1. Condition check: among the charged types (D, E, K, R), more than 25 Å from residue 108 (Cα to Cα) and either at pLDDT 95 or above or assigned to a helix (DSSP H, G or I) (or both). Does residue 145 satisfy that?
2. When the range 62-110 is examined, which residues are found to be among the hydrophobic types (A, V, I, L, M, F, W, C), under 30 Å from residue 202 (Cα atoms) and buried (at least 18 other Cβ atoms within 10 Å of the Cβ)?
3. Can you confirm whether residue 34 is of a type in the set (D, E, K, R) and out of contact with any strand residue (DSSP E or B) (no Cβ under 6 Å at 6 or more places or on another chain)?
4. In the range 113-163, what count of residues is obtained for those that are aromatic (Phe, Trp, Tyr) and within 14 Å of the ligand (Cβ to nearest atom)?
5. Among the residues of the range 31-48, which ones are outside any strand (DSSP E or B) and surrounded by 15 or more Cβ atoms within 10 Å (Cβ to Cβ)?
6. Which one of these does residue 87 not meet: (1) touching a Lys or Arg at 6+ places or on another chain (Cβ under 8 Å); (2) in contact (Cβ under 8 Å) with a residue 40 or more places away in the chain; (3) within 10 Å of the ligand (Cβ to nearest atom)?
7. Go through the range 1-39 and give me each residue that's among the polar types (S, T, N, Q) and within 18 Å of residue 62 (Cβ to Cβ).
Amino acid sequence: MNSIDLQGRVAVITGGASGIGLETALRFLSSGARVALWDLNEDQGRKLIGQNSGLSFYRVDVNDDQSVDAAAAATANDFGRIDILVNSAGVGNIRHTVAGYPVDGWRRIIDINLTGTFLCCRAVVPYMLQTNYGRIINISSVAGKEGPQFASAYAASKAGVIGLTKSLAKELLDTDIRVNTITPAAVETALFHEMSEESQKASKGRIPLGRLGQPAEVAAMIAWLASEECSFSTGAVFDLSGGKATY
Ligand SMILES: NC(=O)c1ccc[n+]([C@@H]2O[C@H](COP(=O)([O-])OP(=O)(O)OC[C@H]3O[C@@H](n4cnc5c(N)ncnc54)[C@H](O)[C@@H]3O)[C@@H](O)[C@H]2O)c1
């Protein structure tokens, strides 16, 4: 593993109790950062902080602005600063045609994946502006670029994350806050295994490298994007799709 220097940095990772967020938290800890996990899953969060020094847990619903604002204030108060934000909280697709899509299912996916990312950026950026430094990494998906069949809500939520990332990056050009997004193809996590067998098989079959991505491979890219060395990239979309993405 390459060493990435995050010594002294304070990172917020939403969805940090599982999958890509958790793997990223562990990678950040081994790089010297202190990490605040923001997640709904309190049992898992409490278990993790018992096992790893340098980790703190805040029960947060990323889709609730009051919950997010309170967590940002508590984290800044507890650690004295926030340098890094990784927006990894998210839910997967439910497989439907657009005409057959349940409206509440559509809203839930957009609310958590897109509005949740907006609310966390909105709450954390003011703390980054206090030090004029920050690195924000939003987790989109290759689905947001490609729009897979029967995945309209998920694809729209992730395309929205790309647009939000580009727009926020431009707002912050006169600061040392960089805002980027990554677009993984299928990664072996709980979210992937919650999909139907049919969807799992189809997703895996569309990856040219012929295998799923591993959370550690995603965390490795996020760790660099979270570092000071990521200084000349902002509003950018980084591919992690095993050769799948065509742009
Ligand atoms: N696994 C994949 O194949 C894949 C591919 C591309 C992109 N992604 C994206 O990566 C991100 C992480 O996914 P993962 O695979 O690690 O999933 P995961 O299910 O392992 O982890 C998601 C975490 O988000 C938390 N969460 C869900 N709703 C929340 C809410 N309202 N408030 C706070 N926390 C909430 C869950 O409790 C969980 O800990 C998601 O945004 C997902 O869309 C995943």
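The values are calculated or read from the model by the stated rules, or taken from the named source; none is laboratory data. Worth saying up front: this structure is predicted, and the values here are computed from it rather than measured. Because the Cβ atoms are built from the backbone with ideal geometry, glycine has one as well, and the counts that use them run over all protein chains shown.
1. Considered against the rule, which asks whether it is among the charged types (D, E, K, R), more than 25 Å from residue 108 (Cα to Cα) and either at pLDDT 95 or above or assigned to a helix (DSSP H, G or I) (or both), residue 145 comes out as no.
2. Listed by number, the residues that qualify are 62, 86, 89, 91, 94, 106, 109.
3. Spelling it out, it is not the case that residue 34 is of a type in the set (D, E, K, R) and out of contact with any strand residue (DSSP E or B) (no Cβ under 6 Å at 6 or more places or on another chain).
4. Of the residues in that region, 2 qualify.
5. Listed by number, the residues that qualify are 31, 33, 40, 41, 44, 45, 48.
6. Single failed check for residue 87: (1).
7. Hits for the range 1-39 are 14, 18, 24.
To keep it simple, each residue is scored yes or no on (1) buried (at least 23 other Cβ atoms within 10 Å of the Cβ); (2) of a type in the set (A, V, I, L, M, F, W, C).
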residue	(1), (2)
112	no, yes
122	no, no
131	no, no
135	yes, no
146	no, no
154	yes, no
159	no, yes
170	no, no
176	no, no
